[in-house]
Amino acid sequence: MLALSGLIAILVFRAVPLRTDMADFLPQGRTEAARFMLDELHGGAASSLILVGIENAPAATLARISSAVTGTLQGSGLFSLASNGTQALDGPDQALLFRNRYLLSPAAVPGAFTAPALNADLSALLDQMQSSAEPLAQAYGLADPTGAFLGLVRAWGSGTRLRTENGVWFAAGRDRAMILLRTRAGGMDIAAQTEVDRTIRTAFAAASPGQARLLASGPAVFARAAAHSIRGDIEMLSIVSTVLVALVLVWRFRSPWVLATIAIPVLLSLSAAMLVVQAVFGFVHGVAFGFGMTMLGVTLDYPVLLIGHRDRGEAATGTLRRIGPTLRLAVLTAALGLTGMIFSGFPGLAQLGLFSAVGIVTAAAVTLWLLPRLIVAADLAPLPPGDPGRLLRVEALRRGRAWAIVPVAGAVALLVLRPPHGETDLAAMSPVPKADRMLDAELRADLGAPDAGQVVIVRAPTADAVLVREETLIPVLDRLQAKGAIGGTELAARIIPSLATQRRRQQALPDSASLRARLTEAQAGLPFQPDAFAPFLADIERSRSMQPMMQASLDTPMLAARLQPLLFARDGGWVGLVLPTGVADPAALAGAMHGQEGVMLLDMHREASALVLADTRRAWHWLAYGGMLAFAALAFGLRDLRRLARVLGAVSAALLVTLAALSASGVGLSLIHIVSLQFVAGIGLDYALFFARPQLDRAERARTLRTLVTCNTMTLLTFGLLAFCRTPILHDIGFTVAIGAILAMGFSFLLAAPPRTRSDPA
């Protein structure tokens, strides 16, 4: 039977792949803004961005390393953008901007081509030719005396906080060379991002960095690191929990056949849970599977309880007659208590709840219907209890059960005086460590990246329609910037104007004869050769008949990489993102955007908090529904008000003190902690129900105590391992449940067992 169970598990594990994308753990958006935010987090263009910093060396060394690394990455084929400042507007990007300068530049207005305006431009050009800017003036001035191209170049670099040293980007105020990367693969393509990370580190090592240090951040880096962390946690849980639990069982039963028997419901419960989750959700998340491995400490309770309560030579029906009703009631109430997770609204947490519920029910069914015959055939039973006097000495502790009111009263007082604060920050459930998030914010500040907290979303049927709508917003945004409400903005319409705007600029260009006459007048008294501006005349004439630039034609490396995250197709239409920087007055920004056609302001922080808050409330509601169903099942199953009060008192005490312990430690209660308390309640019900059931004699009481101590030890070992996981979700669950399991055991032992009288059998 064990071989068959193992074969089923192997087939299931091979057939059901695990996913480690933490975006799958995020809640489902219920508003348009929330859905857009989650789509962008999962697979938007910004998700493939990588920010690189190189520090801890002299500036000249950092510049050399930066150039070497950037050159290697550009030749790798893995990046659509790899820039450290040396490549800015070189080659095809520069040629494209220069060729289309009069269509792209806002300076292309009729007044720019009058004789007085041209005279002023030529005089300024003459001054530049006699200054340190002479090479630049020689290269572009004669073909572009109006300065349209140089204006575009200045606009390209406007708003950046970077400084250029030794030809490469450096963060302002510190010796840290900066590189901006965007991968061709999506940020959530873990296999591709692993190759990207290896390539970056190999390029850095090949640049002879010495003591220099490499820093990397961004959504793509976070996704890869989270996946690696989750897989590491899964491997650790799978190996260490199995070994520890096996050692406990060997110590408790001294029989390899017990291990073989108990492994059957564990393997079958994990297999059933994976199949059901795959069928319902279409995939199994690595966190759900990792948590499922910790179910070793819970699903093992049922076969351990059955074997631990059996007398050697006893028929299976006899053991089931004594513990069967209690075991069934414990399973039912535990499954009902998981409804808060299953209906929480978080796909990942719903997977945890469903995985756990299916695993618990399957393990219990196998224990009740399949294992009894195997146990009897192998005559499995616990070791003799030894000295019965030890049991009496342990039970004597119950005489002081009234002292249990002290920690409970203390917990209530602490919760009243210092109520636990709710955690609504979506980052609290992020797999990214806080230090890494702080580094990301620092690198973004170094690069002068837009504030990710506020995003203006512009929608329209076509890319050009988006650009038209963005152009109507430019004067509004400029007024906000002038008032200091925002520091600046980045939007696609500043890179590539709409078709109508480009045509208006073409119409503003004078014909050859008119421009030649005005230019001759403007040159009067200036030492330029008569034909010096022939390239200018030719370019103006060519620009008058050029086809306007389209979004699809902007395919040069730097320009395309900059435009890609600002203008893209989505859901049959087009979306433009307006990214404000230095938002000092969010209310003014929101007011200015209100009522604009096809425009929506997305406050990322507020939307994320609203998501968490809504689903936390939903989880509380379902937790209450599940609790009421569990209470009804307990009341019906026990049919004894005193036993019901003792069971509920023990579980409630454990939950109160656990909640107070979390509050005292300064933990903000997130949805993760709330659903973890459901596991504490389920574990506590197991212990309390078995302590509270009528027990005939001292031997039965000894079996119950020893078996529950074994179950509690396995739970602490498995859930305790979660507290050492790098994935915050698993860590928080493990920390909460480990505390709760200890308290549940203690309060159940003290409060759930009936008071003993002199007439009770020894």
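The values are calculated or read from the model by the stated rules, or taken from the named source; none is laboratory data. As the structure is a computational prediction, the values presented were derived from the model and not from experiment. Ideal geometry is used to build each Cβ from the backbone, glycine not excepted, and the neighbour counts take in all protein chains shown.
Restricting the first residue to region 403-422 and requiring it to be touching a residue at least 12 places away in the same chain (Cβ under 8 Å), which pairs with a second residue that is of a type in the set (Phe, Trp, Tyr) meet a Cβ separation below 8 Å and a spacing of at least six or different chains?
404/747
I need every pair where a residue in region 362-374 that is more than 16 Å from residue 332 (Cα to Cα) has its Cβ under 6 Å from the Cβ of a residue that is modelled with pLDDT of 85 or more, sequence separation at least 6 or different chains.
371/303; 374/261
What number of residues in region 504-527 are among the acidic types (Asp, Glu) and touching a residue at least 40 places away in the same chain (Cβ under 8 Å)?
1
Within region 479-496, can one find any residue that is surrounded by fewer than 19 Cβ atoms within 10 Å (Cβ to Cβ), touching a strand residue (DSSP E or B) at 6+ places or on another chain (Cβ under 7 Å) and assigned to a helix (DSSP H, G or I)?
So far as region 479-496 goes, yes, one or more of its residues are surrounded by fewer than 19 Cβ atoms within 10 Å (Cβ to Cβ), touching a strand residue (DSSP E or B) at 6+ places or on another chain (Cβ under 7 Å) and assigned to a helix (DSSP H, G or I).
Of 160, 146, which residue is at pLDDT 80 or above and part of a loop (DSSP other than H, G, I, E, B)?
146
Here is a check on your reading of the model: is residue 699 touching an Asp or Glu at 6+ places or on another chain (Cβ under 9 Å), among the small types (Gly, Ala, Ser) and not assigned by TED's automatic domain parsing to the domain that holds residue 339?
yes
If the requirement is being within 28 Å of residue 286 (Cα to Cα), out of contact with any Phe, Trp or Tyr (no Cβ under 9 Å at 6 or more places or on another chain) and among the basic types (Lys, Arg), which of these qualifies: 703, 726, 693?
726
Provide a single number: the residues in region 577-601 that are in contact (Cβ under 8 Å) with a residue 60 or more places away in the chain and more than 9 Å from residue 454 (Cβ to Cβ).
14
Find the residue count for region 189-206, including only residues that are among the hydrophobic types (A, V, I, L, M, F, W, C) and surrounded by fewer than 17 Cβ atoms within 10 Å (Cβ to Cβ).
Final tally of qualifying residues: 3.
Can residue 345 be described as within 36 Å of the chain's Cα centre (by Cα), surrounded by fewer than 20 Cβ atoms within 10 Å (Cβ to Cβ) and at pLDDT below 75?
Judged against the criteria, residue 345 is a match.
Restricting region 660-680 to residues that are surrounded by fewer than 24 Cβ atoms within 10 Å (Cβ to Cβ) and over 25 Å from the mean Cα position of the chain (by Cα), which is nearest to residue 244 (Cα to Cα)?
Ranking the candidates gives 661 first.
Can you confirm whether residue 182 is touching a Leu at 6+ places or on another chain (Cβ under 8 Å), closer than 21 Å to residue 442 by Cα and surrounded by fewer than 17 Cβ atoms within 10 Å (Cβ to Cβ)?
So residue 182 does not fit the description; no.
Could you list, in sequence order, all residues of region 338-359 that are closer than 28 Å to residue 323 by Cα and in a loop (DSSP other than H, G, I, E, B)?
338 - this is the single residue of region 338-359 that is closer than 28 Å to residue 323 by Cα and in a loop (DSSP other than H, G, I, E, B).
Quick one: which residue in 653, 630 is surrounded by 18 or more Cβ atoms within 10 Å (Cβ to Cβ), assigned to a helix (DSSP H, G or I) and touching a Ser or Thr at 6+ places or on another chain (Cβ under 6 Å)?
630
Give the residue that is surrounded by the fewest Cβ atoms within 10 Å (Cβ to Cβ), with candidates limited to residues of region 119-133 that are in contact with a helix residue (DSSP H, G or I) (Cβ under 7 Å, 6 or more places away or on another chain), at pLDDT below 90 and more than 15 Å from residue 535 (Cβ to Cβ).
Here the answer is 129.
Do any residues in region 225-246 that are within 22 Å of residue 301 (Cβ to Cβ) have Cβ atoms under 8 Å from those of residues that are not in a helix (DSSP H, G or I), where the two are at least six apart or on different chains, and which pairs are they?
Matching pairs, first to second residue: 237/725; 245/300.
For the list (1) of a type outside the set (D, E, K, R); (2) closer than 30 Å to residue 347 by Cα; (3) surrounded by fewer than 17 Cβ atoms within 10 Å (Cβ to Cβ); (4) touching a strand residue (DSSP E or B) at 6+ places or on another chain (Cβ under 7 Å), I need the number of the one condition that residue 217 fails.
Looking at each condition in turn, residue 217 falls short on (3).
All but one of (1) in contact with a Pro (Cβ under 9 Å, 6 or more places away or on another chain); (2) at pLDDT below 80; (3) of a type outside the set (Asp, Glu); (4) crowded, with 18+ Cβ neighbours inside 10 Å hold for residue 579; state the number of the condition that does not hold.
Only one criterion is unmet by residue 579, namely (2).
What about residue 176, is it surrounded by fewer than 20 Cβ atoms within 10 Å (Cβ to Cβ) and at pLDDT 80 or above?
Criteria not met by residue 176.
Scanning for something surrounded by fewer than 18 Cβ atoms within 10 Å (Cβ to Cβ) and among the hydrophobic types (A, V, I, L, M, F, W, C), does region 225-238 turn up at least one residue?
yes
Given the criterion in contact with an Asp or Glu (Cβ under 9 Å, 6 or more places away or on another chain) and at positive phi, identify the matching residue among 598, 572, 582.
It is 582.
Report the residue count in region 467-490 for those that are more than 19 Å from residue 100 (Cα to Cα), touching a residue at least 40 places away in the same chain (Cβ under 8 Å), of a type in the set (A, V, I, L, M) and touching a helix residue (DSSP H, G or I) at 6+ places or on another chain (Cβ under 7 Å).
Looking only at that region, the number is 4.
Please name all residue pairs, on different chains or six or more residues apart, with Cβ atoms under 6 Å, provided the first residue is in region 649-673 and is more than 20 Å from residue 616 (Cβ to Cβ) and the second residue is surrounded by fewer than 20 Cβ atoms within 10 Å (Cβ to Cβ).
Once the first residue is more than 20 Å from residue 616 (Cβ to Cβ) and sits in region 649-673, its partners that are surrounded by fewer than 20 Cβ atoms within 10 Å (Cβ to Cβ) give 653/408; 657/407.
What helices (runs of 4 or more DSSP H), lying completely within region 360-463, carry at least 2 residues that are exposed (fewer than 14 other Cβ atoms within 10 Å of the Cβ), at pLDDT 75 or above and touching a His at 6+ places or on another chain (Cβ under 9 Å)?
Passing ranges: none, list empty.
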